[in-house]
Amino acid sequence: MTDLLLTHNLEQYVTDPQVLDNLVSLYKAMGDETRLKIVLALLVHKELTTSEIAIKIGVSFSAVSHQLSLLKLKKLVTNRRLDKRSLYRLVDNHVEQLLKIALEHALE
């Protein structure tokens, strides 16, 4: 449990509309198979271009590009420019931890 959750009454979040909206948005973003493949590829490879992701997950460049835009909007991935390419990665350690825990649970 994070320090934030240890210092707050968890019960308050059960009915907080903003918190619930954020959680629903997060799980919806992760609920699409293509987006899930993208974030798992980034979990494994740390940083990839759109083309590299498309090849690794077997989805068209345009589909990956579209889904990366949505993942970026939901603050799950970020990118940096390297010459004319964009390299994508998970936005932070929280996303990585969430994916690892979900994967572990799925493998049980």
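Since every read-out is calculated from the coordinates, none of them should be taken as a lab result. For clarity, every value in this text was computed on a predicted model and none was experimentally measured. Cβ placement follows ideal geometry from the backbone for every residue including glycine, while neighbour counts extend to all protein chains displayed.
For the range 38-43, 3J(HN,Hα) computed residue by residue from phi via the Karplus equation (6.51, -1.76, 1.60; θ = phi - 60°) reads 4, 5, 5, 4, 6, 4 Hz, glycine and proline entered as x.
Arranged from highest to lowest average of other beta-carbon atoms within 10 Å per residue, in what order do the peptides 10-21, 38-49 appear?
Descending packing order for the listed peptides: 38-49, 10-21.
Dipole orientation for the chain: of the candidates Gln97, Ala29, Ser60, Ser60 has the Cα lying most toward the positive pole (charges on Cβ; Lys, Arg +1; Asp, Glu -1). Peptide packing for 78-84, 99-105 was compared via the average number of neighbouring C-beta atoms within 10 Å per residue; ordered from the highest value, the list is 99-105, 78-84. Farthest towards the positive end of the charge dipole of the range 18-106, among the residues Leu71, Ser86, Val19, is the Cα of Ser86, using unit charges on the Cβ of Lys, Arg, Asp and Glu.
Treating each Cα of the chain as one equal point scatterer and applying the Debye formula with no solvent, the log10 of I(q)/I(0) at q = 0.11 Å⁻¹ comes out as -0.40.
Residue-wise HN-Hα couplings along the range 98-105, as the Karplus relation 6.51 cos²θ - 1.76 cosθ + 1.60 with θ = phi - 60° gives them from phi, are 4, 5, 5, 5, 5, 5, 4, 5 Hz; Gly and Pro carry x.
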